[in-house]
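Structure first, then comments.
The values are calculated or read from the model by the stated rules, or taken from the named source; none is laboratory data. As the structure is a prediction and not an experimental result, all values here were calculated from the model. So basically every Cβ, Gly included, is an ideal-geometry build from the backbone, and we count neighbours across all protein chains shown.
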Amino acid sequence: MLWSKVDKKWQDRLALTKDGDVSWKAEQWPVPGEEPLEIRVCSRTGVDRSTYCEPYDKPRTSIVLHQTEGYGQQLAWLMGGAGHPCSAHIQLGRCGTPYLLVPTEFTAWHATWWNGSSIGIEIDCIGELYKNGNNLVSQYGAERKDTYCSVDEKDVYVEKDWGVRTKYWASLTEKQYVGLGRLLKALCFKHKIPRILLPEPQRYQPFDQKNSKIRANYRGICTHLNIDPARKVDIGPYLDWPKLIQYAGLTEAACFNPPNGVLENWKDGGGGKTAKADDPAPSTPKPPAGGDTLPAPVMVDNHTLRVHIGKHGGRLCLSVKQPGDPLPTAPDPKEAPAAKAPGKRDEFIQACMNFLGAPYKAGSKKPSEGIDGVNLISLAMRRVELFKSDDEMPTDHEHLSALWHVVSADKTKVPDEIRPGDLAWFGTGDHGNDPLVHPMVYLGGGRVLGPVPDAGKDSAVQVIAIEKVPEHFAGWMHVDDLGSETTHTGHPGDPPPAGAKLTGALLPPTPAAQYDALKKIVERAKGKWEDGKGKVNLVGVKSLHDRCMISPKPGDWNDTLYAAFLDEGGHKCVIEMRASLNPGTDENKAETWQLWEGSWKFKLGAGDSVDKALQPDGKVKGWEDKEGMGAPRPLDHDKPAKGDDVQPGAPKGKGDEKPPEPKKPIEAPKSDKPAPPADKPFVFDAAGKKLSVKFGMRMMRALIEWELKEDGSGTIYSWNGVVKKYPKLAPKTGTEWPALDSMMQIKPGATVEHNGRQHGVWHAFGVEWVASGATNCCNSQMAAVFASLPDGKMRIKKDDGVLELDAVKGEPTAPGIKGNPKAALSYSTVFANTWIQGESSHIRTDAGKRIFENYAYIAPAWAMKWLGVGDAVGKWGDAKSLVNVRMGDNACWYSHNWLVGDVRYEVTLKGYKTPVYVDQSDFARGDHPQPHAGPARTGGYKMTKDDCLWVEMNEDLFEARLKAFLELKTLEYDGKDYEVTKIAAVGARVFSANCMAWQKYGTARVVIYSKADGTDGSSPDHWTEEHDLTRNNKLGLGISRGWGLFAENYRDGSGCFGFARWYDNAGGASNG
């Protein structure tokens, strides 16, 4: 991207008050000796600040300077938009204006081990440049074609070779130097940080991370290069340090042990000097970590300088610049370059449409073999001459993502400047690597076009709703080179009139080419294709409004039937018809076929396609007349059907059978008492003892929040207790928990720092927990219980009133209980210890009786029984109890503790060869089951937080729907009604922190290990990391909800599973 486009974007932003989902307000910060500094204080709509920083005040003792090393106009990326923990306190635009992204009192995640006491400033600058002919290009793209400037534009880059990857560096603007100087003065004044930095060459040497005193003692300004030299080169000697020292009033000093004379220079506006040797100091300043006290350089002759290099690692910088000579600064942009292909936005969209159906293949430029999103977009842009030659065309995401600006990372709100033909990006990265990996073309109406890499078999180029793309949304990108004019709309065109000839964009325009394309589709799906004359191949295309460029609005016709055949002369013919392949989704049924998925018999007859039309062959029902009522199919749309017309193929004189009556909605039993509000504290009804899934739904909402995702976020598995290579979170910390701080109304008792991040330390249920983002099965369930009690209190309605338990304070004490050694224990401690430890629990009653009495029930059931908050659902291993299991129940098999995330039923149909499957989650979304072919342990819908909330508030209706299904006598499947001979629960989604722990395998911190044969596993040397197993199970090594089958959990003929359920919500508690 040309430098002038970047700088102009920052300049234009000055007139705005928001960009995408980030808005700002101006504040005035005091600057000693100068006018106040205007800083723009940003907030991001709908994003919890705790997801991208530690929102707790901590003293700040240093300031770290970064460069974005990219086009950093996307403020949201440093406010949680990158899809992983990454943020900075301030971003300094090319216009010199600072944007406050994280309050400087809080901890941003910008410099790994240095985060805890520092302030991070990201200076927008592309950084490294590389020579390509007469141009300088960015580091983005394997072929490095992204032109930043020409070599003749001397003001916008610096040529300096200091032993790293390149000798060309993008320069800062003069406004950035001025703005950075004033910003450093303001920050140092606000946080009482000495306005000092290390002298050269120590300024570019790495700090010793192993020395714990380094960060504790350091005061002043440093750079990312000091902290992470293995990966980062920002900021080296290509910055005009003398200018910054002058503008910021900095003093060069020993920052690890500053002299007294500079410790309070933050108070005034002076500086710009070197600390004097006679400045009072408590001790002799020490050299920086990693450096030595070396002899001064010696000039041997006019061409030779002799220097001594110490034994520690680092970089040597040689500069031919004379003292005081300024480095170049980029001038103010006047106008951005003109658009390269204005007015060709619609032509570009049409060019992209030509790739529909092409298979996905990473890195491929040949659509016939497969193609990826970058090359699809690049080829289409070449066709509209946005790229004038093949050499200009990007071939990887680094290059394409560098060409235009990203304007927002909120996929739910399309920015005003985004037009059809702009790009939507998906993927993840860090702040040195933009999270822009897979681009798609925006079509309007919430739809995008392109291949979907993570969609499994269905990854071909397609039109898909943005919310259905499985990857993390990374941002909107406006392609200004296409101009802004377009006639393409979100849902182009009105619904076609009944009987109109339709052309789907999925197929070529000519009948012969359509015939061949449909044949390939059927063969790819392993279907049977008939090439004989008169043989009709019927192919249904579902949800055409999500796939077709000329599609109408949702709620109208949504499917098309294509009939392909050879006529008498052997010519390839294709007839298209409006249809609905899933009746009930089409609001405009007039003159359409309403057909369930499956196979139908049709024959050719005279009609509306020249002299051919599809006519039902036999009792094919489903034609809707102009009034939307079931009727005989007319021979031609131009000829109204007569009252005595019959469908061809039926015996003449007999009318067609009436369409089946619509299914009646299922109603819940009437109740005078509505469900208690879901946002109020839960009160367990120990007096009524009615079992309910309401609290289980609250637990599931917490687990969904922590679930592992494709972008790498979520809670990982910690340790299953056998692998000896378990890396502890940090010294002196407790048991690990998911990151739940933002879900609670109360604050953790303390925090602990690890790898530059703060983790809440919670004291709950008599245990110390660290919210590290890692956990095991039992602890994940206890964390879900705690997160469902946002004020940390359990309330139990008994016959004589409400017992309130404080799980954090451990109050009140449980009567009749003794510990080991003897000690007073709280209710919550006894409850959690029994739940987690089960038979191993040391807690006894005063009479010496265990709370966990025996294996008649699972440990959570015994804990619930004792506390009066729930009960068992059947006995341990009782297969008869499976029909009573519900989503939200707590469960165990063997020693694994989990929540039931769904239940799968196997349905045996008379006359159908294989069983079909129905999931309990069907009834959280509708009255009737949605049978599918399986297999039993994969696929299926995943409950959302909104689904859980609906079930909590409508449990009676959910139960009525499920009961009606379990009592079904017939089930419609594949277009037919079948007699139901058996319905049996065969599996469940195991919602927990899951891992691999069987036979020789174990898991430790999201890595699978295998134990060497002939060893007992007692030594770390006995364990070997299994890379392939770990990679193949990445979404199952942590909080996840894969399917488990009950039949696979038997030992010696006995079932190793059991279930428990909480009591209903009595309500009536306030948040006060």
| task | State whether the residues of the range 421-437 include one that is at pLDDT below 90, farther than 26 Å from ALA111 by Cβ and surrounded by fewer than 19 Cβ atoms within 10 Å (Cβ to Cβ). | result | no
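Identify the residue in the range 1-21 that is without any contact (Cβ under 8 Å) to a residue 60 or more places away in the chain and closer than 17 Å to GLN91 by Cβ and, among all such residues, is surrounded by the most Cβ atoms within 10 Å (Cβ to Cβ). Write out each step before concluding.
First, the residues of the range 1-21 that are without any contact (Cβ under 8 Å) to a residue 60 or more places away in the chain: 12, 15-18.
From the residues that got through so far, the ones that are closer than 17 Å to GLN91 by Cβ too are 12, 16-18.
On the way: ASP12: 12, LEU16: 10, THR17: 10, LYS18: 15.
Ranking the candidates gives LYS18 first.
For GLY236, are the conditions met, namely being at pLDDT 95 or above and not aromatic (Phe, Trp, Tyr)? Working first, answer last.
Values: at pLDDT 95 or above: no; not aromatic (Phe, Trp, Tyr): yes.
So GLY236 fails the test.
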| remark: Taking the range 467-485 and keeping residues farther than 15 Å from ASP346 by Cα, of a type in the set (D, E, K, R) and surrounded by fewer than 16 Cβ atoms within 10 Å (Cβ to Cβ) leaves GLU467, LYS468
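Can you confirm whether the range 1048-1065 contains a residue that is surrounded by fewer than 13 Cβ atoms within 10 Å (Cβ to Cβ) and part of a strand (DSSP E or B)?
Within the range 1048-1065, one or more residues are surrounded by fewer than 13 Cβ atoms within 10 Å (Cβ to Cβ) and part of a strand (DSSP E or B).
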| query | When residues of the range 34-49 are filtered for being modelled with pLDDT under 90 and either loosely packed, with under 13 Cβ neighbours inside 10 Å or touching a helix residue (DSSP H, G or I) at 6+ places or on another chain (Cβ under 7 Å) (or both), how many remain? | reply | 3
| task | Scan ALA847, ALA807 and give me the residue that is crowded, with 23+ Cβ neighbours inside 10 Å, in the same structural domain as GLN758 (by TED's automatic domain parsing) and over 21 Å from PHE991 (Cα atoms). | result | ALA807
| note | The condition of being more than 30 Å from ILE245 (Cβ to Cβ), assigned to a loop (DSSP other than H, G, I, E, B), modelled with pLDDT of 90 or more and of a type in the set (A, V, I, L, M) holds, among LEU376, LEU356, LEU403, LEU386, only for LEU386
| message | If I ask for residues that are in a strand (DSSP E or B), in contact (Cβ under 8 Å) with a residue 24 or more places away in the chain and among the small types (Gly, Ala, Ser), which ones from the range 755-793 would you list? | response | ALA764, ALA771, ALA774
| query | For the range 9-88, list the strands (runs of 3 or more DSSP E) that sit wholly inside it and hold at least 2 residues that are touching a Pro at 6+ places or on another chain (Cβ under 8 Å); which are they? | reply | 22-29, 37-44
| message | Considering only residues that are of a type in the set (Gly, Ala, Ser) and assigned to a loop (DSSP other than H, G, I, E, B), which ones fall in the range 829-883? | response | SER841, ALA847, GLY848, ALA856, GLY868, GLY874, GLY877
| Hits in the range 8-32 (condition: at pLDDT below 90 and touching a helix residue (DSSP H, G or I) at 6+ places or on another chain (Cβ under 8 Å)) | ASP19, GLY20, ASP21, VAL22
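Just checking, does the range 985-998 include any residue being without any contact (Cβ under 8 Å) to a residue 40 or more places away in the chain and within 26 Å of GLY901 (Cβ to Cβ)?
We begin by selecting, within the range 985-998, every residue without any contact (Cβ under 8 Å) to a residue 40 or more places away in the chain; these are 998.
Within this subset, residues satisfying the condition of being within 26 Å of GLY901 (Cβ to Cβ) are 998.
Checked the range 985-998: at least one residue is without any contact (Cβ under 8 Å) to a residue 40 or more places away in the chain and within 26 Å of GLY901 (Cβ to Cβ).
Residue-wise test of (1) in contact with a Pro (Cβ under 6 Å, 6 or more places away or on another chain); (2) in contact (Cβ under 8 Å) with a residue 40 or more places away in the chain.
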| position | (1), (2) |
| --- | --- |
| PRO342 | no, yes |
| PRO359 | no, yes |
| SER364 | no, no |
| ASP391 | no, yes |
| HIS397 | no, yes |
| HIS405 | no, yes |
| ASP416 | no, no |
| HIS438 | yes, yes |
| LEU443 | yes, yes |
| remark: Of those in the range 189-241 that are in contact with a Phe, Trp or Tyr (Cβ under 6 Å, 6 or more places away or on another chain) and among the polar types (S, T, N, Q), the residue farthest from TYR157 (Cα to Cα) is ASN217
| task | Can you give me the number of residues within the range 178-203 that are crowded, with 19+ Cβ neighbours inside 10 Å and either of a type in the set (Gly, Ala, Ser) or part of a helix (DSSP H, G or I) (or both)? | result | 13
